[in-house]
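The values are calculated or read from the model by the stated rules, or taken from the named source; none is laboratory data. The structure displayed is predicted, hence computed values, not measured ones. Here the Cβ positions follow ideal geometry from the backbone for every residue, glycine too, while neighbour counts run over all protein chains shown. For accessibility, only protein heavy atoms count, side chains too; no ligands or nucleic acids. Shrake-Rupley method; radii C 1.70, N 1.55, O 1.52, S 1.80 Å.
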Amino acid sequence: MTEERISLTKSDRLAVAWRSTFLQGSWNYERMQNLGFAYAMIPAIKRLYKSKEDRAAALTRHLEFFNTHPYLASPILGVTLALEEERANGAAIDDTAVQGVKIGMMGPLAGIGDPVFWFTVRPILGALGASLAIAGNIMGPIIFFVVWNILRWGFLWYTQEFGYKAGSEITKDLSGGLLKDITKGASILGMFILAVLVERWVNVKFVLELPAKKLAEGAYINFPKGDVSGAKLQEILGQQAGGLSLTKEVPNTLQANLDSLVPGLMGLLLTFLCMYLLKKKVSPIILIVGLFVVGVVLHVLHIM
Amino acid sequence: MSIISIILVIIVAFLAGIEGILDEFQLHQPLIACTLIGLVTGHLIPCVILGGTLQMMALGWANIGAAVAPDVALASIASAIILVKGGNFDAGHIALAYGAAIPLAVAGLFLTMIVRTISVGLVHGADAAAKRGEIKPLERIHITALGLQGLRIAIPAILLILIPASSVQSALNSVPHWLSDGMTIGGGMVVAVGYALVINMMATREVWPFFALGFALAAVSQLTLIALGAIGVAIALIYINLSKMGGGSNGGGSNGGGSGDPVGDVLNAY
């Protein structure tokens, strides 16, 4: 047994990581990301297996059903690379073992990926970029694109290497405390930021006028009748600087009253209403169209 | 639009279509896609504003498992083309452009489904190639399926460009102000739907207090999103560490794991 050990080079692993960018390219309703996974594995298969039969077996093995979060396929790819390398060097790793590791990891990892990437990182970066963009600032899209892709590529490469080095140990490692901490931390941060976004970005503004408020004596400036001397003018200006109202009545709006409770309250209530309706299986599309209709109707009625 | 702009618009649309399925570079997100359309047509800033507005609406849209969200790629590309062809870039017209994005996002859903169904057949071809141990045809099939996803956006973009600008303009100009202003107001509320979807998915009894914290702190307008993000990370880390400490101190030697109330456990330990 003096046969030389075949191992994957760093450039093989980089090629796999790059191809994992195209994981979902042939996403289909039958086996989902299966061809994408096989496509990503090709540089490794080329290195490890030289005969046509071995290559056919490897390609077929990786055309089985696969579906996870596109970024969290990377640690799975890493582990699979380690397994394939062992197998090519003669270890007794059969098809079911490889498939078992892939299936075992894809579910829980997708469960981390969705809250972390789609519901925490992207909304935060997106809202940051969008808030700049709405003001016409080109830095909005640039920051979003650059930061996202640095994070993404760093994550893909690091987790694939992590999976490759940890080999099949990764499943034991992640099913314990780390997995739980990441998931819980992400959902705490996610809920916190969601509340922030609801407060800041759900705009429900009423323009409805309420009867004007009469101010108490002393809360407004008593303008003298007739001519105003220099000293009197100085006094009036002083009173105005002191915060006294110029008129006996101040206009009062529904919005001002609501804002004095807590800003963003109506946006929060609207969000809760949407959550309730979604739970009642109302389609989001109907809700979106409905809110546009409500916006137009309330605007025509001069309420909003 | 000049010929060069049209070609570039189609390329951008194609890339956005590809990204709509890959979800990697995020070229299909309105923030990027609308900006790129603006860049190649020479109307950068209005398209950046449109992209930012649409992005707010699409923050919570994500493809989960086999489910597809409304198609942001088609929504962003088509609404940007409509805005540019309309030739009028005030707030009302931007509102109309993203109002048009909603039905397009829904229409896009069906296009995605069609391509995902066609891909089933293509992948069967890949099975045959794999059995023969041939790598090249397998790669070609993968790229073909990806290309179809690109065409899914590029073809509607071409159709939109072919409609003469004057008819797009007169259609947009015939929209009265009460409607476009009302749509702007509706647009401010529509974002609630996206957040509601996400909150429904994430909310548990344990994490609701963090929602309350976030809402109360967001009212402090001096705090930027980045500052609030830092507070959120800190709270999450503190909570996770605290729940471990609580478990350890109460469990003692038996490794029992606490009462499930971390703050109570810490207080008990004093």
Apart from one, (1) open to solvent by less than 10 Å² (accessible area, probe 1.4 Å); (2) at the interface with chain A (Cβ under 8 Å from one of its Cβ atoms); (3) modelled with pLDDT under 90 all hold for residue B:64; the odd one out is (1)
Selection from segment B:160-175 of residues open to solvent by less than 60 Å² (accessible area, probe 1.4 Å) and either of a type in the set (D, E, K, R) or over 10 Å from residue B:92 (Cβ atoms) (or both) yields B:160, B:161, B:165, B:167, B:168, B:171
Only one of B:227, B:219, B:192 is of a type outside the set (Asp, Glu) and assigned by TED's automatic domain parsing to the domain that holds residue B:92, namely B:192
**OP:** State whether the residues of segment B:195-206 include one that is at the interface with another protein chain (Cβ under 10 Å from one of its Cβ atoms), open to solvent by 10 Å² or more (accessible area, probe 1.4 Å) and in contact with an Asp or Glu (Cβ under 9 Å, 6 or more places away or on another chain).
**Re:** yes
Reported set for segment A:235-253 where residues are assigned to a loop (DSSP other than H, G, I, E, B) and surrounded by 13 or more Cβ atoms within 10 Å (Cβ to Cβ) is A:244, A:248
*Answer yes or no as to whether residue B:161 is of a type outside the set (Asp, Glu) and more than 22 Å from residue A:265 (Cβ to Cβ).*
yes
Every listed condition ((1) closer than 26 Å to residue B:71 by Cβ; (2) open to solvent by 40 Å² or more (accessible area, probe 1.4 Å); (3) in a helix (DSSP H, G or I)) holds for residue A:232 save (1)
Residues of segment B:165-201 being hydrophobic (A, V, I, L, M, F, W, C) and farther than 17 Å from residue A:284 by Cα, in sequence order, are B:165, B:168, B:171, B:172, B:175, B:178, B:179, B:183, B:185
Can you confirm whether residue B:117 is in contact with a strand residue (DSSP E or B) (Cβ under 9 Å, 6 or more places away or on another chain), hydroxyl-bearing (Ser, Thr, Tyr) and either at pLDDT below 90 or in a loop (DSSP other than H, G, I, E, B) (or both)?
yes
The one condition residue B:186 fails out of (1) in contact with a Gly (Cβ under 9 Å, 6 or more places away or on another chain); (2) under 30 Å from residue A:261 (Cβ atoms); (3) open to solvent by 40 Å² or more (accessible area, probe 1.4 Å) is (3)
Within segment A:100-124, restricting to residues that are among the hydrophobic types (A, V, I, L, M, F, W, C) and within 8 Å of the chain's Cα centre (by Cα), the one that is modelled with the lowest pLDDT is A:119
Wholly inside segment A:19-127, helices (runs of 4 or more DSSP H) that include 3 or more residues that are in contact (Cβ under 8 Å) with a residue 60 or more places away in the chain and aliphatic (A, V, I, L, M) are A:73-88, A:95-113
Among A:196, A:204, A:262, the single one that is under 30 Å from residue A:123 (Cα atoms), touching a Leu at 6+ places or on another chain (Cβ under 7 Å) and without any contact (Cβ under 8 Å) to a residue 60 or more places away in the chain is A:196
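Within segment B:148-162, does at least one residue satisfy the condition of being at positive phi and among the small types (Gly, Ala, Ser)?
Checked segment B:148-162: no residue is at positive phi and among the small types (Gly, Ala, Ser).
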